[in-house]
Amino acid sequence: MKKNALAGLVGVCLCGALAVASVPMSAAAEEVVFDNTVNETGYYKHLSDSFLEMGDDATLAGVARQLTRVTIGFYSFSSGSFAHLSLHLYDESLVLLGDPLTLNNVVFGENTFPTVSFAVPNYSAPDTIVWTLSYTGATFTSLPGPTVCHPPTIGTSEDTFMVDRGSGLHPEVTSGSPANFCARIEATPEPATLSLLAVGLGAIWLRRRRQ
C-alpha cells in the first residue's frame, strides 16, 4: 500500500513538472518585480556625451527572475530623436546578463514625459541587477534623460545612480534628491521554480485524494 502511494506521488509530481516544462515561457504570468514609477520628485538626470552609459541598480521583489520587460521614464526638454537607444543589463558584479537591447529611431517631443519599453528575451536575473542606457545619433538641442522617483513601491534601490565616464561603471550621487530613476521591471518565474510549484501541488493533490 505504501509503495503504491509512493509511486502515485512520484507519478503526479513528474506529470506536473512535465506539464509545466511544456508550457512556453511567454504563457507564464508576468509580474512586476521592481516598480519605481509612482513617487515622482520633479527631477531628472539628462544623458550626456561624456557618459558612455548611465543607469541605476534595482533589487527585485518576489521570486520571478526571468526578465521580460524593462520600462524607463524620461523627461525631454526639447524635441529630437536617438538613432539608437540601448539598454544594458548587468548583475551586481557588473557582468552582462546578455546582449544589449537596442531600439532604433526613438523620437521624443518637446517638454514631454515619454516612457521607453524594452522587451527582454527572458534573461535570467539575480536578486539585484544594474541597468544602464547608451545612445548614438542624438538630434536634441538639450539631451533628455531618466526622471527621478523615490522611493520605489516594489523592490528597493540604492540612493545613487550608475555612470560610466570612460573608466567603468561606478555609483554617483546627485545633489538635492535621491538618485533613483523611474523604472519598472517585469519578469516570469524560471522553469525550475515552476517545476517545484508543480511538485508541491501534486503532493497536496495526492494527500487530499487519500483523505
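Quick note: the coordinates plus some simple rules give every number you see, no bench work behind them. Keep in mind that this is a model prediction, so the values were computed, not measured. As a convention, Cβ positions derive from the backbone with ideal geometry for all residues, glycine included, and neighbour counts pool all protein chains shown.
Give me, ordered by chain and number, the residues 5 or more places off residue 98 or on other chains with an amide H under 5 Å from its own placed amide H.
89
Distance from a point 7 Å along Cα→Cβ of residue 112 to each backbone N in the range 144-187: keep the residues under 13 Å and list them by number.
144
Could you work out how far the C-alpha centroid of the range 137-169 sits from that of the range 34-111, in angstrom?
Answer, in whole Å: 7.
Quote the convex hull volume per residue of the range 29-188, based on C-alpha atoms, as a whole number of Å³. Each step should come with its number before you reach the end.
Values: hull volume 16.6 nm³, N = 160.
Convex hull of Cα atoms, per residue: 103 Å³.
Multiplying the sequence separation of residue 78 and residue 173 by 0.36 nm and subtracting their Cα-Cα distance, what value in nm do you get?
My answer for the length gained is 31.7 nm.
Roughly what % antiparallel, to the nearest 5, for the DSSP beta bridges in the range 62-117?
Percent antiparallel among DSSP bridges in the range 62-117 is about 100.
Pairs of Cα atoms under 8 Å, at least six residues apart: use those to get the relative contact order of the range 29-188, whole percent.
Details: 457 pairs, mean separation 69.0, N = 160.
Relative contact order of the range 29-188: 43 percent.
Net charge around residue 136, counting only other residues with Cβ within less than 13 Å of its Cβ (Lys, Arg = +1; Asp, Glu = -1)?
Working: positive: none; negative: 49, 53.
So the surrounding residues net to -2.
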